[in-house]
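Okay, so here's the structure we're looking at.
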Amino acid sequence: MEEAVSDGVAEQRERLMESLRIYGGHYADLSRRFATWLGLHSTDATAVLEIAAAEERGTPLSPARLSERISLSTGATTALLNRLEAAGHITRAREHSDRRIVTLRSGAHIQERADEFFGPLADRLDTAMSHYPPQFLEQVEAFMADLNTTMGNHLTEQDAVAPRSLRSPAEVMP
């Protein structure tokens, strides 16, 4: 009896992980579609989204932090930022008391375009979540926080032991 319950839990965990993989795939597909919609390369659109999301959280990115977030070398990130700045999608500012620190900001139209593209989905997701009681959503939030922490810790540990050839370009650059 205990083994059957254990198997049921294992199967449930497998189903949950598969659902998370599917969600991740949908998110990646949506990001690619956003890039196409903006007329940008997917890496450029990812960078724009990272910059805008960091601004929304109140923690704007530096070029070095963006480089880490999107796994590009510093040189490739500089070229990407030059393209995005020339197109008016982002600005670089020296807002910090240490004038050497550059802060990345999204262009005024980016948030408007992102809201236009993602707004209908945000409404649908809000409607889907509205069917669940706040206590359940708190549990899901805690569950996701645990998974994200576990994944982040695993990646950090891998970075510490990974051979140089397996590291992202941003990590390999001196």
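What order, most packed first, do the peptides 40-47, 93-100 have when packing is the mean number of other Cβ atoms within 10 Å of each residue?
40-47, 93-100
Applying the Karplus parametrisation 6.51 cos²θ - 1.76 cosθ + 1.60 with θ = phi - 60° to the phi angles of the stretch 15-26, what ³J(HN,Hα) value in whole Hz is obtained for each residue in order, glycine and proline being reported as x?
4, 4, 5, 5, 4, 5, 5, 4, 4, x, x, 4
Whole-Hz Karplus ³J(HN,Hα) for the stretch 118-125, in order, using 6.51 cos²θ - 1.76 cosθ + 1.60 and θ = phi - 60°, x for Gly and Pro?
8, x, x, 5, 4, 5, 5, 5
Which far-off residues, 5 or more places away or on another chain, put their amide H under 5 Å from the one on I90, with H placed in the peptide plane?
Amide H neighbours of I90: E85, G107.
Just to check, using Stokes-Einstein with a Kirkwood Rh over alpha carbon pairs, what's the diffusion coefficient of the chain at 37 °C and 0.692 mPa s in µm²/s?
The Stokes-Einstein estimate is 173 µm²/s.
Compute the distance from the alpha-carbon center of the stretch 93-168 to that of the stretch 51-68, in whole Å.
A separation of 10 Å, based on Cα centres.
With a point put 7 Å past each Cα toward its Cβ, work out how far Q111 is from M144 in nm, to one decimal.
Inter-label distance under the simple model: 2.1 nm.
Any number yet on Rg/Rh for the stretch 1-72, C-alpha, Kirkwood?
Rg/Rh: 1.24.
So what J values fall out for the stretch 27-36 if you push phi through Karplus, 6.51 cos²θ - 1.76 cosθ + 1.60 with θ = phi - 60°, rounded to Hz, Gly and Pro as x?
Karplus-based 3J(HN,Hα) across the stretch 27-36 equals 4, 5, 5, 4, 4, 4, 5, 4, 4, 4 Hz.
What's the FRET efficiency of A10 with S71 using the Cβ-Cβ distance as r and R₀ = 25 Å, to the nearest 0.05?
0.15
What whole-number value in Å² describes the accessible area per residue of the chain for a 1.4 Å probe?
That works out to 71 Å² for each residue.
Report, to the nearest whole %, how much of the accessible area of the chain belongs to carbon and sulfur atoms, 1.4 Å probe, protein only.
The C+S portion of the solvent-accessible surface of the chain is 56 percent.
The values are calculated or read from the model by the stated rules, or taken from the named source; none is laboratory data. A quick note: this is a predicted structure, and the numbers were derived from the prediction, not measured. FYI the Cβ positions are ideal-geometry reconstructions off the backbone, even for glycines, and counts take in every protein chain you see. The accessibility values were calculated without ligands, DNA or RNA, using every heavy atom of the protein model including side chains. Shrake-Rupley method; radii C 1.70, N 1.55, O 1.52, S 1.80 Å.
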